[in-house]
Amino acid sequence: MKLSNYFLPVLKELPKEAEIISHTLMLRSGMCQQASSGIYSWLPLGKKVLDNIEKITKEEMNLSGAIEILMPTIQSADIWKESGRYDDYGKEMLRITDRNKRELLFGPTNEELVTDIFRTNVKSYRELPMNLYHTQWKFRDELRPRFGVMRGREFLMKDAYSFDLDYINSIKSYNKMFIAYLKLFKKMGLKALPMKADTGPIGGDLSHEFIIISNTGESNVYFDEKILGLEKNIENIDYSSDLQKIIDKYTSCYAATDEKHDEKNFNGKKDNLIKTKGIEVGHIFHFGQKYSKPMNANVTRDDGVSVPVFMGSYGVGVSRLVGAIIESSHDEKGIIWPKQVAPFLFNLINLKVGDEKCDTICDEIYNYFLKNNFDILFDDKDESPGSKLARADLIGMPYQIIIGPKGVKEGVYDIKLRDTQEIKKLNIEQLFNFILNI
Ligand code: P5A
């Protein structure tokens, strides 16, 4: 993609409305724009990151055996009245009446709707276990939308819902999602720690939040530092192995959010208890028959008896993650994208547009990328080298290929690694090899 043909509305000034660095950097690098309080339009760079996060989440859901569906954003109030949550949800729920005076709502979550889909279609224990998921926009009329996409009113969530015949099997499904979450956050280049959490309006007897440690996080968290060293090779864990053993390692290590924290339950060395702040990027729940009972989502057992299914639900904050990743990966110059979610891996920068030799070599490199199907952002704008380099650091692609008259003369080109600032000097052949080996 040539920058001259792209839409990257970078801001020169510091946006006044931003309170935290990720919000500032998202606005400055032209990733998103506020449409109204807590509601954002996603501009091309932001949309690419959102898609990358969604893709990683989907891939792991599919590997875990979950099946993708797509439910609508608008739901009927009737099913929420059946579950009993219509009144409980209060002012956070955006309620709508259509032209026929039917009560609708913009879904804040989908337990009721997925239970309705399940009960209409599944009648026998033979079809279990089942896990249905989708990635869809939610609306919660938050009292204090803030920090940009981190606490929005409209936000993108991946939500999965498990269905099992009994308690024991539903815990197995919960465990599977527990592992899937550890894996998918790692695939995004993040360390998310599972912590005992409050179940809030979703309900149930068991829940874990997945927390990224960050000073700007809204949650106070407490954990035994041992948890940081657990399961270093989580990506190698097979879903068919004994997951309970791994879960036990985590749950026996103290880690709790504010609501669940009780110093009496921490029996490690006092110095090992870390008190800090974090960002909740995922939350998993086990709530058994809370929805299936009132909504009559029953299956027949092998002895012919009909029983309400056991359920859990599992959420990843896809749009929140865009901000959360920036919170945990930036410096004073701008964003440092982890490779796994970067909008482009490479940023090719022509420092002297109009110089015949610089233009020729840049075209050669750019065409090489196109030929090999690599995504690259090519800064071909006729601007000062200083502002081009500052913009490259701000938007934060992992590799900058910097082409200027001096390098062209010597036949060596600079590749700058955004995270360490290291500069490699490579000739054209070495450069092409470097690209192919990433
Ligand atoms: C789990 C899936 C649920 O809604 N029902 C379906 C369950 N859980 S949750 O904890 O309420 O939300 C799941 C994740 O969504 C993100 N999130 C938000 N992101 C941005 N702005 C918000 N206002 C917001 N609220 C929740 C969080 O990452 C949360 O873990």
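Read the figures in this text as sums done on the coordinates, not as results from a lab. Since this is a predicted model, take the numbers as computed values, not measurements. Glycine also receives a Cβ, built like all others from the backbone with ideal geometry; neighbour counts cover every protein chain displayed.
Things worth noting here:
- Ordering of 241-254, 14-27 by packing is 14-27, 241-254, highest average first (other Cβ atoms within 10 Å, averaged per residue).
- Restricting the trypsin sites (Lys or Arg not before Pro) of segment 23-104 to loop positions (DSSP other than H, G, I, E, B) with no more than 10 neighbouring Cβ atoms within 10 Å leaves 99, 101.
- Where only C-alpha atoms are counted, convex hull volume of segment 122-162 per residue in Å³: 84 Å³
- Cut-off 20 Å (backbone N to label point 7 Å along Cα→Cβ of residue 55), residues of segment 315-347: 316-326, 336-347
- Cα extents for segment 236-286 along the principal axes, largest to smallest and rounded to whole angstrom: 36, 25, 21.
- For segment 323-346, the residues whose backbone nitrogen is under 13 Å from a point 7 Å from the Cα of residue 276, taken along Cα to Cβ, are 328-329.
- Leading residue at positive end of dipole, the chain (Cβ point charges), from 366, 246, 113: 366
- Dimensionless Rg over Rh [the chain; C-alpha; Kirkwood]: 1.03
- A cut-off of 5 Å between modelled amide H atoms, ignoring neighbours fewer than 5 places along the same chain, links residue 396 with 335.
- Pairwise centroid distance, computed over Cα atoms, of segment 92-133 with segment 4-75, Å: 26 Å
- Part-to-part distance (alpha-carbon centres) for segment 327-354 and segment 273-297, which is given in Å: 36 Å
- Placed amide H near residue 32: partners under 5 Å, 5+ positions off or other chain: 43
- Distant-in-sequence amide H partners of residue 282 (H built 1.01 Å from N, under 5 Å): 210, 317
- A dipole drawn for the chain from +1 and -1 charges on Cβ atoms has a positive end, and of 122, 321, 66 the residue lying farthest that way is 321.
- Computed from the C-beta positions of residue 245 and residue 381 and an R0 of 60 Å, the FRET efficiency is 0.60 to the nearest 0.05.
- Per-residue 3J(HN,Hα) values for segment 109-114, derived from phi via the Karplus relation 6.51 cos²θ - 1.76 cosθ + 1.60 with θ = phi - 60°, read 5, 10, 3, 5, 5, 6 Hz in sequence order (x marks Gly and Pro).
- Per residue, the convex hull around the alpha carbon atoms of segment 1-146 comes to 176 Å³.
- ³J(HN,Hα) computed for each position of segment 96-106 - Karplus, 6.51 cos²θ - 1.76 cosθ + 1.60, integer Hz, glycine/proline x: 10, 10, 8, 5, 9, 6, 7, 7, 10, 8, 8
- Contour excess over end-to-end distance, with Cα ends at residue 265 and residue 33 and 0.36 nm allotted per residue: 79.1 nm
- Average projection area in nm² (convex hull over Cα atoms of segment 28-79, one quarter of hull surface): 5.8 nm²
- Residue 233 paired with residue 69, simple spin-label distance in nm, labels 7 Å along Cα-to-beta-carbon: 3.8 nm
- Net length available on complete extension from residue 120 to residue 172 is 16.3 nm, with 0.36 nm assigned per residue and the Cα-Cα distance removed.
- Scaled radius of gyration (Cα, divided by 2.2 N^0.38 Å) that segment 137-180 gives: 1.66
- With the alpha-carbon atoms of segment 251-394 aligned to their principal axes, the span from lowest to highest coordinate is 79, 50, 22 Å, starting with the largest.
- Packing, as the average of other Cβ atoms within 10 Å across residues, places the peptides 315-325, 342-352 in the order 315-325, 342-352, highest first.
- Backbone phi angles across segment 370-381, fed through the Karplus curve with coefficients 6.51, -1.76 and 1.60 (θ = phi - 60°), yield HN-Hα couplings of 4, 4, 8, 6, 9, 7, 8, 9, 9, 7, 10, 7 Hz in residue order; Gly and Pro are listed as x.
- Of the chymotrypsin sites (Phe, Trp or Tyr not before Pro) found in segment 1-55, the ones in coil according to DSSP and having at most 10 other Cβ atoms within 10 Å of their Cβ are 7.
- Virtual spin-label span in nm between residue 215 and residue 390, 7 Å along Cα→Cβ: 2.4 nm
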